[in-house]
Every structure is written in structure tokens, then in C-alpha cells.
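Working notes for the structure below.
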Amino acid sequence: MVRTLRRGEVAAGLAEGNLSGRRRRTCGRLWEYGIEEWAVAKEREKLMRRTHLSSPIERAGPNDVVTLATDRGPAPMNIGAVLIIDAASDLDFSTIRSILEGRLPRVPRLRQRLLKMPFGCGRPIWVDQPDFDLGRHLSQTVLPTSPGASVDPDEASDERVLQIAVDLVCTPLPRHQPLWAARWVTDPAHDRAALILVMHHAMTDGVAGLAVLAALGDDGTTPAIDPFPQPPPPLRSVAAAAWRDRAAALTTIPSRLRSGRQGLRELGIRATRPKLAARTSLNRPTGPRRRLTTVELPLMPLLEVAHRRRCKLNDLVLVAVTGALAAILRLRGEEPSELVVSVPISARRAATADQLGNQTGVVPLAIPTLSDQHARLDRITAMSHARTGVTRGTSAGPMSLVFRAMGALGIFQVFIDHQRLVHTFVTNVRGPQAPVHFAGYPITTVIPLAITPGNVGVCFDILSYAGRLVVTVVADPDIVPEQDLLTNLLAEELAQLLAVNRAS
């Protein structure tokens, strides 16, 4: 059948509807799967039957599928990082491209795209992109050398780099290509550069993103891999594997039910009716734009505070975030008794460059807006201790089922644009303790950024790296026009925590 159908015949046949039933179904499968890929898969299938070889099948995870299905808002579900490299402005773009070209094999997913499967063949699979071209994903920006006399040069440079980063992360990634983009930004006036990496959330989460960073660094290693590109696995094998997975899933129903119950507890869902979060002016449907501001401070003093108060570093960050948000709301004339913060929890502590994907659940925490910082910390610490021993990330299962159903019904965007379950998101990822090097230079700072859809006007991304803690405030400028004030209040809250520790 493949040899008798050309691309034009498939397109014309489907458009005119003049094919027989069997021929029409075949054309539909060819059109969806990709005519060339189908032909290669059929030839490979013949070879497999002769040699009894097995081809690896890498499926998108359940969370990945949900993320793709629900990515319908004005801002895409992308995550990224800005890697600041001092004294590297003399590195030319061709050198950077050559370095990345040689290190792409360390992260196979960077040269793969998602291929949708016909009905009955299971979730989409990752396949090599035969015509992969780094030029479609990597671009360059050179900052001007004169920022203007009325603006502090360092602040102007930082602001421009962050603006480039947020523009890139807010740009949808083509679904028919590998789901990532990068920008090399040079700042000759300050003798530094930045590598901005952006990936779709279906491709990776924060923990796996660190694995990508490590693999692209100078110390990453290239594993032994098959020649690139590998043809996609035969469709017959994909279908058979899907039915085997379904059969195997029947034997794990009891454990999945237990995991589902744990996931509901992680989400804070009990037998009683869930309590709605208070309405605030920070929770309105967001648009396509975001703005980034950052707070950076040394990590060790904060860890000393956490040790002294017998709490976690994330507890301190939650204290500062809720204090700053409560102050902004009071200035707006709003006095909510508590703020519900959703804390993403990864089901894994670490990942490797060949095992990416999104394995994240969430824990909503209702934190009282007490004016006393120590009282807030005591309440948050008590919540954190109450969760000791709970399996991490189990909420991903229940959320996946609900969100996928909403996506199928076309109501997911309506739900998240009007939800009253959380006020903000606080994501905290622990990065490498030692600096990662790129092109022979140390990466001095890593700034995390993630786009949150729906009606959450501001969220906070935290990353500890090489003895520093960076908090990125990601906000819709139309909902949070006073973002600079919010960032300053957040810095003051963190400084107050450190001041108490120094005084004691």
C-alpha cells in the first residue's frame, strides 16, 4: 500500500473523499503518522521480523500528555533557565554552536520530537528528527554597549537579558520539531554572556532540567548511542507494546488505587468539601506577557537559619513569599486571612539526561497571613513536619486524570482561568553545589523561570546553585504592575530572616 500511494494522492484522496473505506483508513493513518516515516517503519518492520531484533519505544509519560493536551492558553507551558557566564563575551557564536552541536548526543531528547500514534497504539512516542538542524533552535543576540545615561548600566544589562529570556519562554515552540529553543546573548560592555535555554514542560520538569544543564556542561559525558537518526519503531510493534502495557496495568490496579489515595491526600483532599481560596486581585486570567525580577543572596546563611529553626529552606522561602504578597494585598486594600501556595513536588530526587519527562505533583499549603514572621514560620514548619514520610509526587496521578478529562471536554482553560484553589506557585529546585563550566568558563549564576497558565498572576521560581540562592518573580505585568515593589518586599523578608539569625 505504501508503494502505491504518493503524498499528493493521500492529500487529494482525503480531501475529495473518493477512496474506498479500507484505502481511506490507510491514507488517514499515513497522513497522521507521516508518509516517509510510515514507509521507513514498514521496511524496518520487515527487517525486525527477519532478524528478531527489538526496537526501543520511548513513550511520552501521562503527565507529558496532559501538559500537551492542556497547553491552550495565551502563554505556553514552557520552562527555562538563564545561565550567566562572566568574562565570556569574546566567545563567538560559531564556537557556541560547535560546542552545542557536539554535546547534543548527550541529551537524546534534544534531537527528538513527539509523534502522535493512530488509535489503539497508545500515547505518543519520541522519535529522532531526521532533518534536525540546530539552527532552528539556537539564535544569537548582542546587547548594545550604551544602555543610556539615565539608567544604571548593570541594572539595564540585567533587565535586557531577563527581557530576552521571558520573550523566548513566552514564545510557543513548534510541535513538529524538538520542543526546545536556546539563545546566546553577549554583553560586551560588561564582558559577560548568557545562554538561555527554554524547553516545553512536557519535555522536562525542573529536576530533569538540571540533568540537561549538567550534560551540556564541560564535565558531561557522551554515552554510547546508536547512530543518528534512528528510524521510528514499526507501528505493529508500537501497537503490540501498547496492548501489553494495558494488560500489565490490570495487575497493578490495587497499587495504583493506593497511590491515587495518597495523591488525594497530598492534594489536601479529604472527605469534606474542599475550602475555596479567598478571592484576590492577584488572581485574574493572565495574558501572553510576563516580566521577570530576581532576588539573589548567599545560600549558607539561610541554611544556618533553617538549621537553627529546625525547618527546611523551602519553609523560609514560603515565609518570605507569603509576607511579601500579603503586604502587596494590604496596599490594595485586601486582607485575606490566608494565602494558598501550591508547591510542586517532584516524584524523583534526581534525573539523567536520557530520562527526562515531567514527574511532578503538587502540595497546596494554606498559610495564614500573620504579621509576625516567626509565627508564620512556626505554622509553615508544622505543616512541613506533618508531611514527613509521605510519598512524594503521588498527586500527579489524580491530577493527570482530571486535567486530561477537562482537556478532552475543552473546559480546562475555563477552569484554570477561574479556579479558586491556589493563589500562587512556589517552585524550589536544588541545583549543583559546585559551578558547572561551559566552554571553559564557570557558569556564575543560574536564573530559573517557568510560565504558569490560568489566573495565577505571579509565581516564584527558586534555585540553589553554587552557594547562591536565586528567587525569580514571574508576573503578568497587567496584573502585578507593582512587581518591583513586590520584589523589594520579598528581599526585605529574606533579609529580616538573616538579620535575626545574625543577632542570635
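The values are calculated or read from the model by the stated rules, or taken from the named source; none is laboratory data. Since we're looking at a predicted model, the values are computed, not measured. In this analysis, Cβ positions are derived from the backbone assuming ideal geometry, glycine residues included, and neighbour counts consider all displayed protein chains. Surface areas here come from the heavy atoms of the whole protein model, side chains and all, with no ligands, DNA or RNA. Shrake-Rupley method; radii C 1.70, N 1.55, O 1.52, S 1.80 Å.
Could you check, for the stretch 454-466, whether at least one of its residues is in contact with a strand residue (DSSP E or B) (Cβ under 7 Å, 6 or more places away or on another chain) and open to solvent by 30 Å² or more (accessible area, probe 1.4 Å)? Step through it out loud before you land on a result.
Initially, the stretch 454-466 is screened for residues in contact with a strand residue (DSSP E or B) (Cβ under 7 Å, 6 or more places away or on another chain), giving 456-465.
Those still in the list that are open to solvent by 30 Å² or more (accessible area, probe 1.4 Å) too: none.
Checking the stretch 454-466: not a single residue is in contact with a strand residue (DSSP E or B) (Cβ under 7 Å, 6 or more places away or on another chain) and open to solvent by 30 Å² or more (accessible area, probe 1.4 Å).
Just to verify a result, which residue in the stretch 191-206, among those that are over 13 Å from Ala81 (Cα atoms) and more than 17 Å from the chain's Cα centre (by Cα), is surrounded by the fewest Cβ atoms within 10 Å (Cβ to Cβ)? The extreme case among them is Asp191. Please verify whether Ala320 is hydrophobic (A, V, I, L, M, F, W, C), under 18 Å from Ser281 (Cβ atoms) and touching an Asp or Glu at 6+ places or on another chain (Cβ under 6 Å), treating the condition exactly as stated. Considered against the rule, which asks whether it is hydrophobic (A, V, I, L, M, F, W, C), under 18 Å from Ser281 (Cβ atoms) and touching an Asp or Glu at 6+ places or on another chain (Cβ under 6 Å), Ala320 comes out as no.
Can you tell me how many residues within the stretch 364-391 are outside any helix (DSSP H, G or I) and at pLDDT 80 or above?
Just the residues of the stretch 364-391 that are outside any helix (DSSP H, G or I), to begin with: 364-372, 387-391.
Narrowing the set further to residues that are at pLDDT 80 or above leaves 364-372.
Total satisfying the criteria: 9.
Looking across the stretch 431-473, just one residue is within 19 Å of the chain's Cα centre (by Cα) and of a type in the set (D, E, K, R), and that is Asp461.
The rows are residues; the columns are (1) within 30 Å of Glu335 (Cα to Cα); (2) at pLDDT 85 or above; (3) open to solvent by less than 20 Å² (accessible area, probe 1.4 Å).
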{"position": "Gln163", "(1), (2), (3)": "no, yes, no"}
{"position": "Ala189", "(1), (2), (3)": "no, yes, no"}
{"position": "Leu213", "(1), (2), (3)": "no, yes, yes"}
{"position": "Ala248", "(1), (2), (3)": "no, no, no"}
{"position": "Thr252", "(1), (2), (3)": "no, no, no"}
{"position": "Thr272", "(1), (2), (3)": "yes, no, no"}
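So is Thr394 β-branched (Val, Ile, Thr) and modelled with pLDDT of 85 or more or not?
Numbers: β-branched (Val, Ile, Thr): yes; modelled with pLDDT of 85 or more: no.
When the stated conditions are applied, Thr394 does not pass them.
Across the stretch 64-98, the number of residues qualifying as assigned to a helix (DSSP H, G or I) and closer than 30 Å to Gly457 by Cβ comes to 7.
Ala439 fulfils the conditions (1) within 18 Å of Val295 (Cα to Cα); (2) open to solvent by 10 Å² or more (accessible area, probe 1.4 Å) except for a single criterion, (1). The requirement of being of a type outside the set (Ser, Thr, Tyr), within 23 Å of the chain's Cα centre (by Cα), closer than 22 Å to Asn455 by Cα and surrounded by 14 or more Cβ atoms within 10 Å (Cβ to Cβ) is fulfilled somewhere in the stretch 292-315, by at least one residue.
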